[in-house]
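Data first, discussion second: the structure below is written as structure tokens.
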Amino acid sequence: MASYKQATFTFLLNLLLIGIILFNFASISADEEEILVYTGNYSVISDTNIIVEVENKGFNVTAYIDVTYKYQCETGPEEMVSTVLFAGEEQGTIWVVIPIIPPEIPELCWEGPTVVNVTITIVSYEPIETDPNTPPIAQIVSVEPEEGLVPLEVQFTGMGEDDGMIVAWEWNFGDGTIIAGEGMPSSVTHTYTESGPFLVFFKIWDCDGAVGYAFTKILCLDIKSNFISEITVSGDRYSDVQLIFDASDILPENELIESYRWDFGDGTQCYGQIAEHSYETAGNYIVTLFLKYQDTTTRTLEITIAINENFPPVAIFSISGKTRTSVDILFDATQSYDENNDELTFEWDFGDGTSGEGVLITHNFSSAKEYIVTLLAKDKYNTSSCSENVDITDNTKPVAIFEYDGNLKKDSIITFDASLSYDEDDDELTFSWDFGDGSIGEGETLTHTYSQEGEYYVKLSVSDSIDTAYSHDSIEINKKGRNIWPFIILILTFVIAVLIYSKKTGKKTIFDDINIVRKGY
């Protein structure tokens, strides 16, 4: 029984301790909520800052302020968190500047930043022993001008309202310059020497230390240089081919460009000074480059690009030479073409385990058979082919035969005829002669004259450009005989004259008594 009572007492004691801890935690949370609270108001200044409104309930407080915000983007919502450390004893409504983190690709986002949640974590706090006080109301009455080229002189006018007395004021111009004064605020002038958007804060204090805030934005712009060159596009302008767009040289180096965004005109975008892109279909596209300067201003530059369809090359080849074994055959691809006029390269497969490259190439086959020769014609992106069966045969050697005709005497014309030579492959033949006297000749039939008597060795060479056949013969050239034709002509003339004379006079001639008997052979 004693053990049961002891266990019950221990349980109730632990339960009481847990309750005390939870009560203390709830009290601390409640106290923190009443120390520094988020009012639910915020403002987005450009794309660099969010200003959230908090209220100090009367403490010298140090706290972390975590702001969660999101962007709506094409890739989906992007959520970011920024944290600042707040420390101060200013009472009432206070505007706290929260630097924001831009989305990964700002140009793909159409909404935001939108504040999702503000969490205030109190690090330390100490009550300020003062009577309750209504903070003053600060107001920026005029800003002239609100934007312009640097150097930019701006006049600011502020005023304040309070149930008591305004004792001090301060202008923070956002570029590191702060000016302050006592009493009621008045107009001030500040000159900006750098470009950019600047967040300007105006603050006033009453005699009880409460502060009132107001803020505005000033846009200081650089003088923009003219474009000094066009966008360069590298690569073959065909569909499905990667192109490089380069904006490196369009402006002088001192231009303060924050971002480059490309719109390629086909519904796609890219970012960076140099971008890569390929088009799926042929056509004319307007490429737009959006330049965003550090002072938040933008400019655009456009080019029109024509994308052509990339046609594959057409492979064609011809064969020159005799399709015989061990003979160089010329393979010619010069008739191949490309409709885009691209430079072509050529690869050959000769079907016998060997290959080659080039628009013109020679090859010989070692064995007689039929081979499939394939040509590959290539541009940088496509390949086409064509094939042809090539029947390789062994070569038949030609047969050399010649005859000669004429008076085999010196200085006589002799005809040499090789027309009886032939080739079983019907190849075209060439004929070469060596007449044995130091003279040579070319042709199927020709004549030759020997200037000296003697025996000569005549040689005929017949070639089908692959093999050569030979024929030869000895020829005996004799001395030239005496020419008796003048005497024969003289005798015949005399005989004809005598016959004519005897016929006219009726006298017998010396031939009347001669009996001429014809003999047959």
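Okay, here's what the table says:
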quantity: Net charge dipole size for the chain [Lys, Arg +1 and Asp, Glu -1 on Cβ; Debye, nearest 20]; calculated: 4380 debye
quantity: Sequence of Thr297, Thr119 from largest to smallest accessible area, 1.4 Å probe; calculated: Thr119, Thr297
quantity: Percent accessible area from carbon and sulfur atoms, the stretch 339-392, protein chains only, probe 1.4 Å; calculated: 40 percent
quantity: J(HN,Hα) series, the stretch 467-473, from Karplus relation 6.51 cos²θ - 1.76 cosθ + 1.60, nearest Hz, glycine and proline x; calculated: 10, 10, 10, 10, 9, 8, 7
quantity: Rounded, prolate or oblate (a/c below 1.5 giving rounded, otherwise prolate when a/b exceeds b/c) for the stretch 97-198 by Cα gyration tensor; calculated: oblate
quantity: Heavy atoms of Tyr38 accessible to a 1.4 Å probe, total area in Å² rounded to 10; calculated: 70 Å²
quantity: Accessible area (Å², per residue) of the chain, counting only protein heavy atoms and a probe of 1.4 Å; calculated: 60 Å²
quantity: Viscosity 1.002 mPa s, 20 °C: Kirkwood-radius Stokes-Einstein D of the chain over Cα pairs, µm²/s; calculated: 58 µm²/s
quantity: Options Ser320, Met184, Ala210, ranked by Cα towards positive dipole end of the chain, top entry (Cβ charges); calculated: Ser320
quantity: For the chain, Cys with no neighbouring Cys Cβ under 4.7 Å; calculated: Cys207, Cys220, Cys270, Cys386
quantity: Principal semi-axes in Å for the stretch 195-239 [√(5λ), Cα gyration tensor, largest first]; calculated: 52, 14, 5
quantity: For peptides 171-178, 200-207, sequence by mean Cβ density within 10 Å, most packed first; calculated: 200-207, 171-178
quantity: Violating pairs (Cα-Cα greater than 29 angstrom) within the set Lys322/Lys380; Lys292/Lys380; Lys57/Lys203; Lys217/Lys292; Lys203/Lys224; calculated: Lys322/Lys380; Lys292/Lys380; Lys203/Lys224
quantity: Alpha-carbon centroids, the stretch 170-188 and the stretch 216-278: separation in whole Å; calculated: 41 Å
quantity: Which of Val141, Asn226, Met165, positive extreme of dipole for the stretch 123-237 (C-beta unit charges); calculated: Asn226
quantity: Shape box of the stretch 370-481 [Cα atoms, principal axes, largest first, Å]; calculated: 83, 28, 16
quantity: Projected area averaged over orientations for the stretch 180-316, convex hull of C-alpha atoms, nm²; calculated: 12.6 nm²
quantity: Charge dipole of the chain about the Cα centre (unit charges at C-beta), most positive-ward option of Gly112, Gln91, Asn478; calculated: Asn478
quantity: Probe 1.4 Å - accessible area at Arg299, Å² to nearest ten; calculated: 50 Å²
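The values are calculated or read from the model by the stated rules, or taken from the named source; none is laboratory data. None of these values were measured; they are calculated from a predicted model. All Cβ positions, glycine included, derive from the backbone under ideal geometry; neighbour counts span all protein chains shown. These accessible areas exclude ligands, DNA and RNA; they are computed on the full protein's heavy atoms, side chains included. Shrake-Rupley method; radii C 1.70, N 1.55, O 1.52, S 1.80 Å.
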